[in-house]
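Structure record follows, encoded as structure tokens.
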Amino acid sequence: MARVTLVPKTGLLPFLHRFPYYTTRNASWYESGNYSKVHQRYACVKPLRNAMQQFAWQSTALEPWARAYYQRKRTEGKSHSMAVRALSNVWVRIIFAMWQKQEPYERTIFEKAKRLHVARAA
């Protein structure tokens, strides 16, 4: 279901190289004179963003790391939608890397990369 929704319905096939840009709501600075604040960028393809969030929520039932990530965000005090949005952003990075490398998703590859990242960050 998610694959059907992600590409054909949204019509983003020619724009897959900008997939992360079209699917996330990143924070950006708004400045005018002496006034500045951080606000959410809402300029994204909403059906694609919604499909990614649904995909991320459904992945918590199948992927142990996704469930652990969601639970960690919830224990940090994030709301359900904020936690799903954060998980969706992780999936966007994974899907974009899969597309760039032309490789299917492998849980073991992701978990190995995550362990390497944690080791470097520590």
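The values are calculated or read from the model by the stated rules, or taken from the named source; none is laboratory data. Since the structure is predicted, the reported quantities are computational estimates derived from the model, not experimental observations. Neighbour counts run over all protein chains shown; Cβ positions are idealised from the backbone, glycine included.
Of all residues in region 70-93, how many are free of Cβ contacts under 8 Å to residues at least 60 places away in the same chain, surrounded by fewer than 15 Cβ atoms within 10 Å (Cβ to Cβ) and under 14 Å from Phe55 (Cα atoms)?
Adding up the residues that qualify gives 1.
Would you check if Glu111 is in contact (Cβ under 8 Å) with a residue 24 or more places away in the chain and more than 16 Å from the chain's Cα centre (by Cα)? Yes.
Taking the listed residues Thr75, Thr23, Thr60, the one that is among the hydroxyl-bearing types (Ser, Thr, Tyr) and either at pLDDT below 90 or in contact with a strand residue (DSSP E or B) (Cβ under 9 Å, 6 or more places away or on another chain) (or both) is Thr23, with no other qualifying.
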